[in-house]
Amino acid sequence: MADVFLSYARPDQAKIEKLAIAIEASGNSLWWDRQIEGGRHFAKDIERELERASAVVVVWSKDSIKSHWVLDEAGFARDAGKLIPISLDGTLPPFGFRQIHSIDFSNWPQDQSAATALQRAISHHVTEAAGEDPANGTVQSPAIELNLQGLGESSDRRVLLNSGMSRRNLMIGAIALTGGASALTGWQLGWFGPDKSASTSMAVLPFANLTGDEGQTWFSNGFSNELRQALSRNPLLRVSAPTSSNAGDGEDDFAIARALGAASILRGAVQLVDDTVRIFAELLQVKDGVVMWSESYDREFKDVLAVQSEIAGTVALSLVERITSKDEARSSLEEQKEIGGTDDPRAYEAYLRGQAFNDLSSGLDSKRSALSQYDLAIEIDPNYAAAHARRANVLASIANAANDANEVSRLFAQSIAAAERAIEIAPNLAQGHMALGYVRYYGQIDRAGAYPHYKRAEELAPRDADALRSIATFYSFSDHTALAMDIMDQVIELDPLNALAFRSAGFVALFAGSFETAIARMEKALQLNSSLANANYAVGVARLSLGDPGLAHDAFDAEPVALFRLAGLAIAKQKLGQVAAAQASFDELKAQYGDSGLYQQAQVLAQWGETERALLVLKRAFDEGDPGVVLTTNDPLLNPLRGSAELNELLLRLT
């Protein structure tokens, strides 16, 4: 039986041979077969070795992600809890495997941190399989020396290797040094240092409301969401986003976790009675259901913030100590400390109520109710930065729905003031920078003023899927479309069951000119939520850009939002030769929306080839602050206008 099973694609064999030598030279026994061809089912000997191995190293590459053989082996290893993925050339793992951190070997052996990370992971699995606790520290075997005499090196130069190695392994190691000495030497240096790139995946499921009053759900949901936020700030944890974590309501908790690719789940229950709060929480391992930690709390409500902090700290330590040293684990807790919070439980209660109203998304009434709760939280604690940031978000949402120009201006000004106050109190609060970036861009059409805040939010919240989704969308409206695509890949890893995540990814791909990808992303979004607004419209634009007005027409016709449906149909019908029908759709667009649809009118006229009229209408859209103009830089429907001096002048107004 071998310690390590190595799964790879045949075209990568030359690089894999060096990797195999290095793994064996570290003292780990290895099973791999360079003669295996791809096939859909395991041979008996392969399955036996997979079952026996303590760790399965799966090598992702542009070739292996297309191999049914590698996908089968990776799926087996993932389900058995012993998968160690590495990326040979920077290729992302296929869907279903992205929640597990892949070690980047694209610069190995020059970059030795990859070797450190891999050996760390192998040691963890091998130690755990032996029945020892990996958290107690790494056990090293006594070192032995390999003499390099006769291999072109001086006789007194020696390389330290771990004992327990077979004579065959020593021979292979010696041979490797003639052509791959840097690989072997690099692997034996710093093998057992903590790996800062490692992380462990988890999901925080909504806590059950045991109060018996549905009206108290705001607290159980809010409490679990705040726990999730705290844990997501820990650099050694990969925490699934809230929408995906909540997507499986009514399903088995472990099925949800497996769909998210999470290795562990935190779940619990809350009961709020008068001034007393009872909380039960437990951390479970997904692969076998083992309870890693559990605790019950019976406290006064005034102590709820301390309980929340205690749970977050205990859970984080329980998980990250499995992949790193205790000192580094405790250091990571410093980074998950709350920023911009409050010590007053009454302010916290009002904030959670505000979040509950905001999450309803049921129109202006719920937004105004949320605003009143955030105002109350700030009245209780004027330095509650997170409440100021959320207040800024809600004010911007209300402004977007207002029709009176003066009212819009007043609300956006209040939103800016609230966001600036949040940043003044807590300069490192990502929510504050997100709020200010949003209102600067969408409220004032000021890309230059918005950019530093989106950039700062990206630095402060690198694992927050909701923040990253907004940041990627902002980047997609400029010349940073490649960066936006990369960020959306991260978002989908963190939030794989969220229709909104796939819709955002679809728009990002659309503005990057990746039309096939845009269609695939939008179709996935519609699969998750068939009534999702704007998704069919984006599919139509992509189909149109690929030269298929027929399929574009069908997609536009399925769009539930009339503003986008009518604009799309006016374009598609004209390209299909249905001139009268196209004009009728355009007339209906103007009749229903008037000047509120100036940007869409410009899109239609551009696609009809009426360049002069399109530019005049687009200029009016800019002059009147139509929010659609933020799309101008990369909107494929405006491509017929590209290169004109008038369009270039309008684009300068965005910067």
- Item | Failed item, numbered, when GLY179 is tested on (1) open to solvent by less than 30 Å² (accessible area, probe 1.4 Å); (2) small (Gly, Ala, Ser); (3) modelled with pLDDT under 80 | (1)
- Query: Is one or more of the residues making up region 49-64 within 18 Å of ILE21 (Cβ to Cβ) and in a helix (DSSP H, G or I)?
  - Reply: no
- Can you tell me which residue in region 470-489 is surrounded by the fewest Cβ atoms within 10 Å (Cβ to Cβ), limited to those that are assigned to a helix (DSSP H, G or I), among the hydroxyl-bearing types (Ser, Thr, Tyr) and touching a residue at least 40 places away in the same chain (Cβ under 8 Å)? THR481
- Flagged pairs (Cβ under 8 angstrom, 6 or more apart or on separate chains; first in region 603-617, open to solvent by 20 Å² or more (accessible area, probe 1.4 Å); second basic (Lys, Arg)) are GLN607/LYS575
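Could you grab me the full set of residues in region 619-634 that are out of contact with any Phe, Trp or Tyr (no Cβ under 7 Å at 6 or more places or on another chain) and buried (at least 19 other Cβ atoms within 10 Å of the Cβ)?
Correct list: PHE622, THR632.
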- Task: State all residues of region 416-454 that are crowded, with 19+ Cβ neighbours inside 10 Å, small (Gly, Ala, Ser) and not in a loop (DSSP other than H, G, I, E, B); if no residue qualifies, say none.
- Result: ALA418, ALA419, ALA422, ALA430, GLY432, ALA435, GLY437, GLY443, ALA450
- Query: Taking ALA370, is it at pLDDT below 95, open to solvent by less than 50 Å² (accessible area, probe 1.4 Å), out of contact with any strand residue (DSSP E or B) (no Cβ under 7 Å at 6 or more places or on another chain) and within 19 Å of PHE219 (Cα to Cα)?
  - Reply: yes
- Under 6 Å by Cβ, and 6 or more places apart or on different chains, what pairs join a residue from region 372-387 that is under 21 Å from PRO427 (Cα atoms) and aromatic (Phe, Trp, Tyr) with one that is open to solvent by 10 Å² or more (accessible area, probe 1.4 Å) and in a helix (DSSP H, G or I)? TYR374/ARG390; TYR374/ARG391; TYR384/ILE378
- Message: Just to be sure I understand, how many residues within region 326-345 are open to solvent by 40 Å² or more (accessible area, probe 1.4 Å) and at pLDDT 90 or above?
- Response: 0
- Out of (1) more than 30 Å from ARG440 (Cβ to Cβ); (2) free of Cβ contacts under 8 Å to residues at least 40 places away in the same chain; (3) not small (Gly, Ala, Ser), the one PHE564 does not meet is (1)
- Message: Six or more apart or on different chains, Cβ atoms under 6 Å: show the pairs whose first residue is in region 114-126 and small (Gly, Ala, Ser) and whose second is open to solvent by less than 30 Å² (accessible area, probe 1.4 Å) and at pLDDT 80 or above.
- Response: ALA114/ILE103; ALA114/PHE105; ALA117/ILE103; ALA121/ILE84
- Matching residues, region 490-528, being assigned to a helix (DSSP H, G or I), among the polar types (S, T, N, Q) and farther than 17 Å from ASP466 by Cα: THR517, GLN527
- Take region 271-306 and flag every residue that is under 16 Å from SER318 (Cβ atoms) and small (Gly, Ala, Ser). ALA281, GLY289, SER294
- Query: For LEU494, which of the numbered conditions (1) touching a residue at least 40 places away in the same chain (Cβ under 8 Å); (2) among the aliphatic types (A, V, I, L, M); (3) open to solvent by 30 Å² or more (accessible area, probe 1.4 Å) fails to hold?
  - Reply: (3)
- Note on the structure: A careful count of residues in region 505-537 that are at pLDDT below 95 and among the polar types (S, T, N, Q) gives 5
- Query: Does GLN574 satisfy the criteria of being within 35 Å of the chain's Cα centre (by Cα), of a type in the set (S, T, N, Q), part of a helix (DSSP H, G or I) and buried (at least 20 other Cβ atoms within 10 Å of the Cβ)?
  - Reply: no
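Taking region 75-89 as the search range and keeping residues that are touching a strand residue (DSSP E or B) at 6+ places or on another chain (Cβ under 7 Å) and either loosely packed, with under 14 Cβ neighbours inside 10 Å or more than 13 Å from ILE65 (Cα to Cα) (or both), which one is modelled with the lowest pLDDT?
Ranking the candidates gives ALA77 first.
The values are calculated or read from the model by the stated rules, or taken from the named source; none is laboratory data. Predicted, not measured: the structure shown is a model, and the values here were computed from it. Virtual Cβ from ideal backbone geometry, glycine too; neighbours counted across all protein chains shown. The accessibility values were calculated without ligands, DNA or RNA, using every heavy atom of the protein model including side chains. Shrake-Rupley method; radii C 1.70, N 1.55, O 1.52, S 1.80 Å.
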